[in-house]
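Scroll down for the structure; my scribbles are underneath it.
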Amino acid sequence: MDTTKPSLSRRGMLTMAIGGAATVALPAPAWAAGEQRPGAVRPPSLTASDLQVVRQVSAKRALKDLRVLSEGIGPRIGGTRSEKRAADYLSGVLDRLGYDVTLQPFPVADKFLAQLDAPRGLPRDLCWQAGASPHAALDVKVRGDVLDAGAGGPADYPEDVTGKVLLIDYLVATRETVVAQAVARGAAAVILLPADLVEPRRASAFSPQLPGSAGSPVPIPVVGVAQAQKHRLRALAAGGRLKLTVSTVAHRGLTSHNVLAERRRRERTGPVVMVSAHYDTVIGAPGANDDGSGTVLTLEIARVLRRLPTAATLRFALWGSEEGGLIGSRYYVSQLPQAERDRILAVYQNDMVATSWDPATRYWLLSYTGEPNRATDGVAAAADRLGYAPRISPVTLRGSSDHQSFQEVGIASANFSWRGEESPALLEPPYHSPEDTIAKNVSLERLQVSMELIGSAAYRTALDA
């Protein structure tokens, strides 16, 4: 990486206790419309339409919505009550902005979740949701002293583990053996600890599969934690007596929702420009950057563009259950008749647009086909006007976000994201982790720049339709 280039870096953060809850105060970006942005290579050369956007979008204002999603609701697991709370909040915001709002339901798979707690609480800088095994005890709550059982072999812990909550290293080859041994010795619960991934990646929480127990469920809870939770639990257990409460819940017969919004207008046959993001998360992740950041960017652009004149219909979409395999966006596309697909000029999909990870200095234009289209062209042109052209990637082949659902049927779309300089595979350490919090993984500077890029591109496309 060229270290002489200016980059967006983490700014100082202040943590304040308000009403007993930790709230992070991030410094608001402070540059005038005509000034050079952090990470840009020159001052901007903005059009009249760009100025309509950049003078109004506000990362500081969007942070209020992000607090609700990431701190107030927390992990938003597809189809569960937490995701529905988020959908209701987002639809309420868009309704108050004057949009026609629709919640589009679709079925999703069952989810199996766990929650860890301690009598005096666990460290609050981490989320303590984990995954529960569908092949073990569900809808139960147990409490016991924690014992670190290492690899879970016969010599790794004392003979008497009755009532203990065991920490055991997770290995596919031994998972069922160590769980069976824990049950036989009277353990109250098993917490399986994932192997550490190669930095900067860190393992996520997971719902352990015990296929040999499918016909006869294990009679105690078996849960899978994230790498960050693993290290904290082991440190706490090594530091003295640790008592944990382990709760498991089965969520069955689930329905997830897409949140769709359009400006109220009579014309329903002309071209459409879409701005979108997914609002769900993986297990155990508060989802501040993935994808709370894209979600609040979409809301903020909806705020700014709601009264500006356009030739195209503006449509905003917040997808449910992306983390389960692009389920929400694929369902949406599958329900569109070809005539409706043909109306869509471009889909600007935003996924992880605000990380504070210092190496994430490149803004990536990601196309499922690897070819440019109207969405990538629009953002590349906006980047040039904002002075960001050298910080923007070439159009790069990559799916794995909701733009893929549109490109699979020939609709121009792309995913936009801050990632490492060398490759879009270089994601920040808090990715899919309990550490994906506002305090640890959000830069308001990067969020502001993302809003200016996407807002300027989408508005220009809607004007030129």
Given the range 36-101, report the % of alpha carbon pairs whose separation exceeds 15 Å. 68 percent
What full-extension length gain, to one decimal in nm, is calculated for ALA311 and ARG252 as 0.36 nm per residue of separation minus the Cα-Cα distance? 16.8 nm
Mean accessible surface per residue for the range 23-163, computed with a 1.4 Å probe while every protein chain stays in place, in Å²: 46 Å²
Determine the dipole magnitude for the range 414-458: charges of +1 sit on the beta-carbon of Lys and Arg, -1 on that of Asp and Glu, nothing else is charged, the reference point is the Cα centre, and the result goes in debye to the nearest 20. 100 debye
Simple label model, 7 Å out from Cα along Cβ direction - ALA48 to GLU159, nm: 8.8 nm
Any chance you could list P(r) for the range 139-254, counting all Cα-Cα pairs in 5 angstrom bins from zero, rounded to whole %? 2, 11, 22, 25, 21, 11, 5, 2, 0
Kirkwood Rh, the range 84-181, all Cα pairs: how many Å? 17.6 Å
Work out the charge dipole of the chain with +1 on the Cβ of Lys and Arg and -1 on the Cβ of Asp and Glu about the Cα centre, then indicate which of GLN407, GLY325, ILE454 is farthest towards its positive end. ILE454
Charges only on Cβ, +1 for Lys and Arg, -1 for Asp and Glu: so what's the dipole of the chain about the Cα centre, in debye to the nearest 20? 1240 debye
I'd like the carbon and sulfur percentage of the solvent accessible area for the chain, probe radius 1.4 Å, heavy atoms only, ligands and nucleic acids excluded. 53 percent
Under a 1.4 Å probe, counting only protein heavy atoms, SER216 has an accessible area in Å², nearest 10, of 80 Å²
Got a sec? Charge dipole of the chain, +1 on Cβ for Lys and Arg, -1 for Asp and Glu; which of ILE301, LEU171, PHE416 is way out at the positive end? ILE301
Integer Hz, Karplus 6.51/-1.76/1.60 couplings in order for the range 234-250, x for Gly and Pro: 5, 5, 5, 5, 6, x, x, 4, 10, 10, 10, 9, 10, 10, 10, 9, 9
When the convex hull of the C-alpha atoms of the chain is computed, what volume per residue in Å³ does it have? 146 Å³
Report, to the nearest 10°, how far helix 175-184 tilts away from the longest principal axis of the Cα atoms in the chain, using its own Cα long axis and a range of 0 to 90°. 40 degrees
Shape of the range 200-247, Cα gyration tensor, a/c cut at 1.5: oblate
Among the trypsin sites (Lys or Arg not before Pro) within the range 220-266, which fall in a DSSP loop and have no more than 15 other Cβ atoms within 10 Å of their own Cβ? ARG241, ARG252, ARG264, ARG265, ARG266
A correct Karplus calculation of ³J(HN,Hα) over the range 31-38, with 6.51 cos²θ - 1.76 cosθ + 1.60, θ = phi - 60°, whole Hz and x for Gly and Pro, returns 9, 6, 4, x, 8, 5, 7, x
Rounded, prolate or oblate: which one fits the range 338-419, using the alpha carbon gyration tensor with axes a ≥ b ≥ c (rounded when a/c is under 1.5, else prolate when a/b beats b/c, else oblate)? prolate
Report, for the range 98-204, the % of DSSP beta bridges that are antiparallel, rounded to 5. 25 percent
Out-of-range pairs (alpha-carbon distance over 22 Å; input LYS84/LYS111; LYS141/LYS243; LYS64/LYS230): LYS64/LYS230
Label LEU197 and ASP145 with points 7 Å out from Cα along Cα→Cβ: what is the distance between them in nm? 3.6 nm
Dividing the mean separation of Cα pairs under 8 Å (6+ apart) by the residue count of the chain yields a relative contact order in percent of 23 percent
Once phi is turned into ³J(HN,Hα) by the Karplus curve 6.51 cos²θ - 1.76 cosθ + 1.60 with θ = phi - 60°, what whole-Hz value does each residue of the range 415-428 show in order, with x for glycine and proline? 9, 10, 6, 7, 9, x, 5, 7, 7, x, 6, 7, 9, 5
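The values are calculated or read from the model by the stated rules, or taken from the named source; none is laboratory data. Just so it is clear, the structure is predicted and the values come from calculations on it, not from any experiment. Counting neighbours? That spans all protein chains shown, and the Cβs are built from the backbone with ideal geometry, glycine included. Protein only, heavy atoms only, side chains kept; ligands, DNA and RNA dropped before computing areas. Shrake-Rupley method; radii C 1.70, N 1.55, O 1.52, S 1.80 Å.
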